[in-house]
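Only one structure is covered here, and it is reproduced in the block below.
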Amino acid sequence: MQFNFFTNAAERLKHLSKKPSFRFGLPFLLFLFIGSFGLEHFASLRYEFRRNQLLKPENLEKLGIKKKEVSLEEEFEKYKKVDINSWENIRGPRPWEEPQQPQQQKSSA
């Protein structure tokens, strides 16, 4: 009985190996799934040995960087003083054009 099962399995495998979906599709899918696990390993190495460190307030003081304390109300008052209704649209220079001063652009327009 067992011998019959193995001969049938061998015949089925031989029959499947002639089909292009089995010959080309199965190795491709195996390559994709096994490759994703390999890439996961290499991607984790990237984050394990990262040289960049997060800046903490203690480290900033050692580097000589002083942090300004700014409140939302102060910034709001500063932007309230800005006049947003009187502005002029000035086109920037194209890469092939010479950069011009804004006053020269007004006179040429």
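The values are calculated or read from the model by the stated rules, or taken from the named source; none is laboratory data. Everything numeric here is computed off the predicted structure, so don't read it as measured data. In this analysis, Cβ positions are derived from the backbone assuming ideal geometry, glycine residues included, and neighbour counts consider all displayed protein chains. Keep in mind that these areas ignore ligands, DNA and RNA; they rest on the heavy atoms of the full protein, side chains included. Shrake-Rupley method; radii C 1.70, N 1.55, O 1.52, S 1.80 Å.
Data overview
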{"read-out": "Proximal aspartates and glutamates to Lys68, defined as alpha-carbon separation beneath 18 angstrom and excluding residues fewer than eight positions away on the same chain", "value": "Glu58, Glu77"}
{"read-out": "Accessible area per residue, Å², segment 2-81 with all protein chains present, probe 1.4 Å", "value": "107"}
{"read-out": "Euclidean distance between Cα centres, segment 5-51 to segment 57-100, Å", "value": "54"}
{"read-out": "Computed [θ] at 222 nm, deg cm²/dmol, the chain (DSSP H ≥ 4; -39,500 (n - 2.57); rounded to nearest 500)", "value": "-18000 deg cm²/dmol"}
{"read-out": "Farthest toward positive dipole pole in segment 1-71 [+1 Lys/Arg, -1 Asp/Glu at C-beta], among Phe24, Ala43, Ala9", "value": "Phe24"}
{"read-out": "Separation of the Leu29 and Asp83 label points, Cα + 7 Å toward Cβ, nm", "value": "7.1"}
{"read-out": "DSSP H segments from the chain that extend 20 Å or more along their own axis, Cα-based, with Kyte-Doolittle mean of -1.0 or above", "value": "2-17, 26-48"}
{"read-out": "Size of charge dipole - the chain - debye, nearest 20, with Cβ of Lys, Arg +1 and Asp, Glu -1, no other charges", "value": "780"}
{"read-out": "For the chain, Kirkwood radius (reciprocal of mean inverse C-alpha pair distance, Å)", "value": "23.9"}
{"read-out": "Heavy-atom accessible area ranking, 1.4 Å probe, most first, across Tyr79, Tyr47", "value": "Tyr79, Tyr47"}
